[in-house]
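**Student:** Pasting a structure here, questions to come.
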């Protein structure tokens, strides 16, 4: 945990002092935010034509998927492949196209759609009930939905989440993955192996070349598609190209204050009080990098 | 109204026949979708460095805002201005910066935050209750929320909506506008003058250059910002550069079937049945253009 200094202080001040529309986002609680360094063992650097994207893997929710993904990354499997199916407002899907039926020797991955909730996982409540789940919250920066009656929990399909594609068989994930790039398609929850989220470079992800909606997002012209030049675990990045990645600690006091502030909307900007509800996918959980 | 032929038929087939993950989006009802041509008087062509964006204005919900915007467009006010405040996952704000306090002679616009619902407006119900409103639906392709107890209605903050920025004073909109580019910030509803939506080129909007979150999205380097090369009403576009713009008719039988299909999710892809709810901001309402 790092306490706030330098640039963050500037950020806090920006949130507090800047012009009024800013107060709606990203207003910061007048308290010290803390940051969590992303576990280097779960930090993935994905370099696209458009820039650097950093993904945090979540083995607590999808251990088998994370294991296979790490193996593929170690084998340089994704280098040179492209985002071949990209629908604006929905998902960017990349990989070797085995999800489209291309032959592959890579083993399939079992369904990891939900877990039994483990009390040792961090939990910051966001909304109960939520329209799509009995309750939502944040756990290590990930948006999570839970069903307390069944003691189940799952990573929910917010913008920036990373999941494995599959066909009708629940156990048919393999290599192709997608990133959500539009309004949260939460109807997909509990039906796919969600295993990570973009913690840095979502602006880069939004520049991924889109396919035509008329063709289900499939990009026919391979030269136009956005290519993955290099996909590596942090440990395999040369030292001089490494960054340390931090995300806001969603369990910290300051963050919980920020959530309360977002529920209350006491700023005089708000002439009509919004309902006291929060969309777990609309709560920003910032990431930043340092050398 | 145009009945479906040619390219759309292809689209329908793609939705029905393509690989399974596609079934989740944009699955099309096995019926003829109809399209509505966007009223040329409310069609705006915004040309950015990144490509063409087409906006439909909505004078039924924001007549004064639309009137002033049209006047500004006729005066070539926006040509050469840039998107100077862009926060990934939130909004892209463009204009002359008068919202930041720069001097301006342009008159202010009264608050147009909600209207009394007019029964002659089309209405296709989507969700009731919704987390942020008693009910939501679609009206001429626009996502609308309503409060039947008060007979009020408002354009809701979905991705792609266009609204005027303002400061704390409810009547302080002027020239600067923003486009929502991330998860719907619906807490802003009934607090801003929403007056249009992007009906074509949202992929272009997503390529707008982002500012640093640490600086509230403000882009200090003006040369980096995405510039509006030309912003025109359709009538002022030279004939050879004109397109006709169509959006899916959200009042058609086929579209209503599509909504039902999205609620039911009967495809065998879904091993865990999603809740029978719809997020009005997650229902795709496609646009297309023809010469």
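**Student:** Kindly rank A:216-226, A:98-108 from highest to lowest mean number of other beta carbons found within 10 Å of each residue.
**Tutor:** Per-residue mean Cβ counts within 10 Å order the peptides as A:216-226, A:98-108.
**Student:** A further question follows. Kindly provide log₁₀ I(q)/I(0) values, in the same order as q = 0.17, 0.24 Å⁻¹, from the Debye equation applied to equal alpha-carbon scatterers of region A:94-153.
**Tutor:** -0.67, -0.92
**Student:** Same structure, new question: Please report the projected area of the protein assembly as shown's Cα convex hull averaged over all directions, in nm².
**Tutor:** Values: hull surface 99.8 nm².
Averaged projected area of the protein assembly as shown's Cα convex hull equals 25.0 nm².
**Student:** Report the Cα centroid-to-centroid distance between region A:76-146 and region B:187-214 in angstrom, as an integer.
**Tutor:** Region A:76-146 and region B:187-214 have Cα centres spaced 26 Å from each other.
**Student:** Let me have the relative contact order for chain B, percent, based on Cα pairs under 8 Å that are six or more residues apart. If you can, show how the numbers build up before the last one.
**Tutor:** Details: 614 pairs, mean separation 79.9, N = 291.
Answer for chain B is 27 percent.
**Student:** Turning to a different aspect of this structure: What are the label-to-label distances in nm, one decimal and shortest first, from residue B:266 to the same spot in the other copies, with labels 7 Å along Cα to Cβ?
**Tutor:** In ascending order, 5.2 nm.
**Student:** What nm distances, shortest first, do you get from the label point of residue B:105 to those in the other copies when the point sits 7 angstrom along Cα to Cβ?
**Tutor:** Residue B:105 label point versus its equivalents elsewhere: 7.5 nm.
**Student:** Based solely on C-alpha atoms, express the radius of gyration and the Dmax of region B:166-291 in angstrom.
**Tutor:** Cα radius of gyration and Dmax of region B:166-291 are 19.2, 52 Å respectively.
**Student:** Take chain A, connect every pair of alpha-carbon atoms lying under 10 Å apart with a spring to form a Gaussian network, then pick out the residue of A:129, A:63, A:275 with the largest mean-square fluctuation.
**Tutor:** Greatest mean-square fluctuation among the candidates belongs to A:275.
**Student:** Divide by every residue of the protein assembly as shown the summed helix terms, -39500 (n - 2.57) for each DSSP H run of at least 4, and state the resulting mean residue ellipticity at 222 nm, rounded to the nearest 500 deg cm²/dmol.
**Tutor:** After summing the helix terms and dividing by the residues of the protein assembly as shown, the value is -4000 deg cm²/dmol.
**Student:** Report the far tail of the P(r) of region A:41-91, meaning the percent of Cα-Cα pairs longer than 12 Å.
**Tutor:** Numbers: 921 of 1275 pairs.
In whole percent, the long-distance tail amounts to 72.
**Student:** Using a label point 7 Å beyond Cα on the Cα-Cβ vector, give me the inter-copy distances for residue B:74 in nanometres, one decimal, shortest first.
**Tutor:** For residue B:74, the other copies' label points sit at 6.9 nm, shortest first.
**Student:** Reported to two decimal places, what Rg/Rh ratio describes region B:32-120 when computed on Cα atoms with Rh from the Kirkwood expression? Don't skip to the end; give the middle numbers.
**Tutor:** Working: Rg = 15.5 Å, Rh = 15.6 Å.
So for region B:32-120, dividing Rg by the Kirkwood Rh gives 0.99.
**Student:** Then there's this: Sort A:178-189, A:276-287 by the packing proxy (mean of other Cβ within 10 Å over each peptide's residues), most packed first. Before the final figure, lay out the partial values.
**Tutor:** On the way: A:178-189: 24.6, A:276-287: 20.3.
Put in order of decreasing packing, that is A:178-189, A:276-287.
**Student:** Let me see the pair-distance distribution of chain B: every alpha carbon pair, 5 Å bin width, integer percents in order.
**Tutor:** Taking every Cα pair in chain B, the percentages come to 1, 5, 11, 16, 18, 17, 13, 10, 6, 3, 1, 0.
**Student:** Hey, another quick one. Going highest first, how would you order A:235-241, B:261-267, B:251-257 by mean Cβ packing within 10 Å?
**Tutor:** Values: A:235-241: 10.1, B:261-267: 15.4, B:251-257: 17.1.
Order by mean packing, descending: B:251-257, B:261-267, A:235-241.
**Student:** Across the residues of B:88-100, average count of Cβ atoms on other protein chains within 10 Å?
**Tutor:** Details: counts 9, 12, 5, 3, 0, 1, 0, 0, 0, 0, 0, 3, 4.
Partner Cβ neighbours, averaged per residue: 3.
**Student:** If you take the C-alpha gyration tensor of region B:53-185, multiply each eigenvalue by 5 and take the square root, what semi-axes do you get, largest first, in whole Å?
**Tutor:** The three semi-axes for region B:53-185 are 27, 16, 14 Å.
**Student:** Still on this structure: Using only the alpha-carbon atoms, how far is helix B:63-74 inclined from the longest principal axis of chain B? Give it as 0 to 90 degrees, nearest 10.
**Tutor:** The angle comes out near 60 degrees.
Values quoted throughout were computed directly from the atomic coordinates according to the rules given, and no laboratory measurement underlies them. What you see is a predicted model, and the numbers here were worked out from it, not measured in a lab. Note that we place each Cβ from the backbone using ideal geometry, even for glycine, and neighbour counts take in every protein chain shown.
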